[in-house]
Amino acid sequence: MSTSTTGATRQEASEKPPLPTVLSVVSANIPESLGYRVKRTLLGKPLVNDQLQGEKLSRPIALGVLAPDCVSSSAYGTEQMLHELVPVFGVAGFALVMPITYVILLLLIVLTLCYRDVVSVYTKAGGAYVVTREQFGVKWAQVAAVALLIDYVVTVAVQVSAGTIAVSSWLSLTFNIDITGWSIWISIFMVVLLCYGNLRGIREAGRAFAFPMYFYVAMAGSTVLLGLFRLFGGDLPHANNLHDTNNGGVLSLGHSTQSLVAVAGILGLAKAFANGGSSLTGLEAISNGVSTFRNPTGANARKSMLWMSLMLGSLVLGISILAWQSQTMPYASGSPSVLAQLASLTWGKGAVGNVMLTLVQLATALILYTGGNTSFNGFPFLASFVAEDSFLPRQFLHRGHRLSFSNGIIVLAIVSLALLIFTGGDLSSLVDLYAIGVFTGFTMASAGLTKYHWNRPSRHRRVKLLINGSAFVMSLMVVLIFATVKFTGGAWMVVVAFPIGVFALIQLNGRYRREAAALAEAPASASVPTLTRNTVLVLVDSVDLAVIKALRYARSRHPEELRAVHLMTDSKHAEELRRRWDSSNAADVPLEVIEVADRRLRRAAAELAARTVAESDTEVTIMLPRRAFAWTSRLLHDRTADKIASAVSKLPHVTAMIVPFNVVGAIEEMHGGVAKGNGKAPAAAVRPGPRPAARRTKKLLLDAECVVADQDADAGVPATAIHGVSWRNRAKLEGRIRSVYVGPVSGSPALEAELYDETGGITLIFLGRRAIPGIEPGAKVRVEGMVGETEGYLAMFNPRYVLLPRDGEQGAGEG
């Protein structure tokens, strides 16, 4: 009795199906491409979408991150004014720098009040573009878009060149070393470095990028304060002892008797004012990145605008006063800079003076390079906004490996490098291109705010209309002055590029709209009735694994008729192909050879498809095997399959289908893996786990107790790795939901979700539910319950769940 019972038990055990297992993490078995491996090596581990959260910055850090572009312009604004005044008016140009500075400060005040209004009304990043789009429509917004995009490109070139001058000035004044011949290469290296850093995601290091701005304000501010103290004490040295003919030499002095009302004098003043306007560049940075601030967004942005303008205005005013009184001459090469000369004069030549000069120039170089980095934040975001409105290619919408808009970063770097090389990295030449884009953005933003308040009665409406209207008029005047007096100096490039850029964006948008309309409307071919039968034609040019794979897939579609067709352009090749075909495993499919005497393969394929439709009255599928080669081999092979697919897909009742075959994987398999007898299956042979829930029928083997949610589970029990759970045991798991599907179970709906961690996956089934708030792809969840089984894989039925907070979020709830 005992023996027979034991034998029966063993027999039952041998017939019992294997225990269910977890869903496999198949991605680990799929080889990565060479391009991805290189990208991961250079840029690091990819960031997931949840890490977009938590980018909100506190006001001091956000100010430090967004303000460098604006505040750093104080390092060269006064110098650029002197660059135009001194050659025309001589020594009198130093006195004339002050009235121009006062006008620029007045413009700064008006624009600051205007942009405080902008960040109050529009708390979404985008600045002038968003304002113009909302008030004047998307087409007028492209004027602001082109203005800002040009501004970002020139900003990178200007800031990086000025930063290199700061380094050159320090070496020149401290060690008498001239590196001006290498300046362009240093600037190019810095642009490449900024591009690489932003592709890695350095924009998230808020504290690191805030430091240069505050460091510069401290160093330049202390220099200005000490200089003013020495000026009022009558102890401020004169700059004559610094001037020599080395390093490009100082600019030649003009005639101090030059009349201010002469044409040359008026033109000189206008050019000096236009150059001084570069001091206000970057003022829009906070409005462009307003969404970076923590709540309350508008209030924090307004306070930051005020502090940024105070720092900029104070430094510009102080540097202008000291340059006027000490008569620091600008150099033709830009090195040593006016600010470096002031630091040397103010702090003296002793040990303390050398240390302070080093700190000032270090701070100046850091903030200028960081100011260039501001464009690498702003340009990609603006390009994504414009692309979202279908005025730029959609590629600018995609976030890259590290969640940055990689395409925008790369395009900005390429265009900035081209501009640097074209101008030789000369700061004065770059400034000639600068302010048109900046002040066009100011003009559009102030015009938009003027219209906004004109149409919306509100508190202090008249004051806001006066401020924004004044900003509009003044900004427009600066644009006109700059375009006129700087036209021959290089501004013509911006003047010419501007309308071309706007026209190009509008034309691109028209193309997108026509494509969308064509896809939305039903063309004549879409109204053709679908035929019930299907004929598959596999185009064959050789007998290899690519063709065998295409035939295997064609059979799986169970067509009414399956034919292999060779379009013959070479009779000898066709004869050899037929011989090999008859001796291959594909011989059960008839091979038809069609002569193409004129070698027009696309035309022949289209005629074949049309004839088949007409003769057989079926839907026709043209299958085209395509070999996927390594990038180094692509030049050795044509793209005939793509060309034929493009030709035949235009016909009614004809569908082209390309069946790719990975030749690289086949080569690797041939030279390794099973071919070498190592016993390992190639990556393609690894079982990919279960099909998605939406494509499989559920078979439930469920204990009754599994249906009841575990209400008494100990919340303090740590979660188990999914790989370690076992059938018919309770478990507490944490992971991320990869997919969600609603399907019927015994005639009732059921919500199914696949939960994964690093070790594997498990199916969660909520019976009688179609949707659960928070249970969605990407959600982080902790679940508890009894582990059951479905179709051979572990599952939990109606588990107790808790939604875990994503990065930067609070917990969503539980059930």
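The values are calculated or read from the model by the stated rules, or taken from the named source; none is laboratory data. Everything quoted here is computed from the prediction, not taken from an experiment. In this analysis, Cβ positions are derived from the backbone assuming ideal geometry, glycine residues included, and neighbour counts consider all displayed protein chains. SASA here: full protein model, heavy atoms, side chains in, ligands and nucleic acids out. Shrake-Rupley method; radii C 1.70, N 1.55, O 1.52, S 1.80 Å.
General observations
- Residue in the stretch 791-798 that is in contact (Cβ under 8 Å) with a residue 40 or more places away in the chain, buried (at least 18 other Cβ atoms within 10 Å of the Cβ) and within 13 Å of Lys732 (Cβ to Cβ) present: yes
- Screening Leu171 on (1) touching a residue at least 40 places away in the same chain (Cβ under 8 Å); (2) assigned to a helix (DSSP H, G or I) shows it passes everything except condition (1).
- Residue match in the stretch 460-479 (condition: buried (at least 24 other Cβ atoms within 10 Å of the Cβ) and either at positive phi or at pLDDT below 80 (or both)): no
- Counted residues, the stretch 193-202 - those being crowded, with 23+ Cβ neighbours inside 10 Å and hydrophobic (A, V, I, L, M, F, W, C): 1
- Those residues of the stretch 174-192 which are open to solvent by 10 Å² or more (accessible area, probe 1.4 Å), part of a helix (DSSP H, G or I) and not hydrophobic (A, V, I, L, M, F, W, C), in sequence order: Thr174, Thr180, Gly181, Ser183
- Residue list for the stretch 86-108, filter: in a helix (DSSP H, G or I) and either at pLDDT below 85 or among the basic types (Lys, Arg) (or both): Val86, Pro87, Val88, Phe89, Ala92, Gly93
- Qualifying residue in the stretch 73-84 (condition: out of contact with any helix residue (DSSP H, G or I) (no Cβ under 9 Å at 6 or more places or on another chain), at pLDDT 70 or above, open to solvent by less than 60 Å² (accessible area, probe 1.4 Å) and outside any helix (DSSP H, G or I)): no
- Unmet criterion (only one of (1) at pLDDT 85 or above; (2) more than 32 Å from the chain's Cα centre (by Cα)) for Phe442: (2)
- Test: residue in the stretch 601-615 that is hydrophobic (A, V, I, L, M, F, W, C), modelled with pLDDT under 80 and either part of a strand (DSSP E or B) or more than 45 Å from the chain's Cα centre (by Cα) (or both): no
- Residues in the stretch 551-588 that are within 16 Å of Leu608 (Cβ to Cβ) and either open to solvent by 90 Å² or more (accessible area, probe 1.4 Å) or aliphatic (A, V, I, L, M) (or both): Ala554, Leu562, Ala564, Val565, Leu567, Met568, Ala574.
- Meets criteria (modelled with pLDDT of 80 or more, hydroxyl-bearing (Ser, Thr, Tyr) and open to solvent by less than 50 Å² (accessible area, probe 1.4 Å)) for Thr621: yes
- Of everything in the stretch 444-459 that is assigned to a helix (DSSP H, G or I) and either open to solvent by less than 10 Å² (accessible area, probe 1.4 Å) or among the basic types (Lys, Arg) (or both), the residue that is nearest to Asn288 (Cα to Cα) is Ala445.
- The residues in the stretch 698-738 that are hydrophobic (A, V, I, L, M, F, W, C), open to solvent by less than 60 Å² (accessible area, probe 1.4 Å) and at pLDDT 85 or above can be counted, and the count is 6.
- Qualifying residue in the stretch 446-453 (condition: in contact with a helix residue (DSSP H, G or I) (Cβ under 7 Å, 6 or more places away or on another chain) and of a type in the set (A, V, I, L, M, F, W, C)): yes
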